[in-house]
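Written out below as structure tokens is the structure these notes cover.
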Amino acid sequence: MRLIPKTILLAFAGLLCALQACSPYTDAPIRSGEIWPDDRGEHINAHGGGILVHDGTFYWFGEHKGERSSSAFVGVTCYSSKDLVNWKYEGVALSVSDDPESDITRGCTLERPKVIYNKKTGKFVMWFHLELRGRGYSAARAAVAVSDNVTGPYTYIGSGRVNPGIPAENVTDEDLAYVDALEQPLKSWTPEWLEAINRGMYYKRDFEGGQMSRDMTLYVDDDGKAYHIYAAEENLTLNIAELSDDYLSHSGRYIRVAPAGHNEAPAIFKRNGTYWMITSGCTGWDPNAARMFSAPSIWGPWTQHPNPCRGEKSEITYGGQSTFILPVPGKKDLYIFMADIWRPRHPIDARYIWLPIRFEEDGTPYIEWLDEWNIKDN
Ligand code: GAL
């Protein structure tokens, strides 16, 4: 028998150790629905959020919520972590403004912030859903801010409806002719009305001023192209819109997804070349059943699947609403489904659900409740 030289064995053992020591993940439990203290011992206040992985650190951005109001009196908070369990408070990344004329004046509604990094410009770009103070949810704007530093401060750039005067790529001439021929007004929620929405009644209504943009997420693909995915058309239709190369505006390319499907809270990931999107229905702060879609390309076609959640309370997403899906670096096939358990009467006490997404043999994702689990063993 030929012996493996001792030096090679030692080098191999060293490499294994190094690899293990490198892994930041531990068996510290993740317990959805409980209080999650930060490094100061305070429950993490970053709701409707998302996570950016940058230089080996996780940055969690989310809505700061107060004791009584869901409006924005502080802004977007940021926390950092190496292991996804221990979170350091990094402060307010984007502050609301003291200027009453500002779009983001204190008391506005600032929801579902997401941050992405632009390799070409070296800038961190934040998009969020903005509603102007005192105007309920009527503004339905997408807003953007930018920073040279990941944790901020972010500088507010502007907000608006999306892609004014620009046609969606998957609206057909037949759809437009159908909408043009409608004898208005149709009674809401009738089959005729839903069909009219499906064919673009609200898309057309909003065409000149730009599409509405409420619940949203961002996605950066492998080729560096970034996408803004948002609830348009009074939350009845999702849009997927490509961002410009600097991520600070829209490129003008976009599609309508699940028209008249009434989806919000989009969260997206890609696995083995298939794009998966999990959304919720539209019942405000109350939880409902999650929905799931897949597509071979970000540009579709998007196909709907059954609710990915299983088991008890799966019909209400275990009490939560999707916000983000994180592929965990260094963990093959670990994608974390992240959701918010809203507490509209005590918003600061809203909780988080993080669960590992499981996959059927054919690759279809599903989610099961776990009282606790850890990153290391998943
Ligand atoms: C939810 C939405 C939240 C927030 C809330 C307000 O449907 O997902 O982000 O806008 O409505 O009622």
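Antiparallel versus total DSSP beta bridges in the chain: what percent is that, nearest 5? So the antiparallel bridges in the chain amount to around 95 percent. For segment 38-160, a simple Cβ point-charge model (Lys and Arg +1, Asp and Glu -1, everything else neutral) yields a dipole of about 340 debye relative to the Cα centre. Calculated FRET efficiency, Ala28 to Asp286, Cβ-Cβ distance, R0 = 51 Å: about 0.95 to the nearest 0.05. Label Lys187 and Asp223 with points 7 Å out from Cα along Cα→Cβ: what is the distance between them in nm? In this crude spin-label approximation the distance works out to 4.8 nm.
Under 5 Å from the amide H of Trp87 lie the amide H atoms of Asp39, each residue being 5 or more positions distant or on a separate chain, with H modelled from the backbone and absent for Pro and chain starts. Determine the shape class of the chain: with a ≥ b ≥ c the square roots of the Cα gyration tensor eigenvalues, call it rounded for a/c under 1.5, and otherwise prolate if a/b is greater than b/c, oblate otherwise. Judged from the Cα gyration tensor, the chain comes out prolate (a/c at least 1.5, a/b above b/c).
Across segment 316-321, rounded Karplus estimates of 3J(HN,Hα) from the backbone phi angles (6.51 cos²θ - 1.76 cosθ + 1.60, θ = phi - 60°) give 10, 6, 6, x, x, 9 Hz, Gly and Pro being marked x. Can you spot the lysines whose alpha carbon is less than 23 Å from Lys204's alpha carbon? Ignore those fewer than 8 places along the same chain. Within the straight-line limit of under 23 Å, Lys204 reaches these lysines: Lys187. Ranking Val257, Leu238, Gln184 by Cα position along the charge dipole of segment 170-262, where only Lys, Arg, Asp and Glu carry charges on their C-beta atoms, puts Gln184 farthest toward the positive end.
Relative to the Cα centre, the charge distribution of the chain, modelled as +1 at Lys and Arg Cβ and -1 at Asp and Glu Cβ, gives a dipole magnitude of about 860 debye. Entry comment: accessible area of segment 255-378 is 41 Å² per residue, from protein heavy atoms only and a probe of 1.4 Å. With 18 Å as the limit on Cα-Cα distance, the pairs of Lys123/Lys270; Lys332/Lys376; Lys331/Lys376 that go past it are Lys123/Lys270. Taking every C-alpha pair closer than 8 Å and separated by at least 6 residues, the mean separation divided by the residue count of the chain gives a relative contact order of 14 percent. Under 15 Å of direct C-alpha separation, and excluding same-chain neighbours fewer than eight residues apart, Lys119 reaches these aspartates and glutamates: Asp55, Asp148, Asp221, Asp222, Asp223, Asp245, Asp246.
With a Förster radius of 25 Å, plug the Cβ-Cβ distance of Asp333 and Glu372 into 1/(1 + (r/R0)^6) and report the FRET value to the nearest 0.05. E(calc), rounded to 0.05, equals 0.80. Once C-alpha pairs closer than 8 Å and six or more residues apart are averaged by separation and normalised to the residue number of segment 163-234, the relative contact order reads 31 percent. In this simple spin-label model, placing a label point 7 Å from the Cα along the Cα-to-Cβ direction at both Lys82 and Gln304 gives a separation of 4.6 nm. Overall, the anisotropy analysis places segment 195-344 in the oblate class: the square-rooted eigenvalues a ≥ b ≥ c of its C-alpha gyration tensor yield a/c not less than 1.5, with a/b not exceeding b/c. Remark: the Cα gyration tensor places segment 170-262 in the prolate category, a/c being 1.5 or greater and a/b exceeding b/c.
3J(HN,Hα) along segment 211-224: 6, 5, 9, 10, 3, 8, 9, 10, 9, 9, 8, 4, 8, x Hz, from the Karplus curve 6.51 cos²θ - 1.76 cosθ + 1.60 with θ = phi - 60°, whole Hz, x for Gly and Pro.
Expressed as a whole percent, the accessible surface of segment 170-262 that belongs to carbon and sulfur atoms is 49, based on a 1.4 Å probe.
Take segment 38-160 with all the other protein chains still there, run a 1.4 Å probe, and you get 39 Å² of accessible area per residue.
Qualifying trypsin sites (Lys or Arg not before Pro) in segment 325-359, where qualification requires a DSSP coil assignment and no more than 13 other C-beta atoms within 10 Å, comprise Lys332, Arg345. Here the accessible area is traced with a 1.4 Å probe on the protein chains. For segment 38-160, carbon and sulfur cover 46 percent of it.
The values are calculated or read from the model by the stated rules, or taken from the named source; none is laboratory data. Given the structure is predicted, the values throughout are model-derived calculations rather than measurements. Ideal geometry is used to build each Cβ from the backbone, glycine not excepted, and the neighbour counts take in all protein chains shown. Ligands, DNA and RNA are stripped out before the accessible areas are found, and what is left, the full protein with its side chains, is counted by its heavy atoms. Shrake-Rupley method; radii C 1.70, N 1.55, O 1.52, S 1.80 Å.
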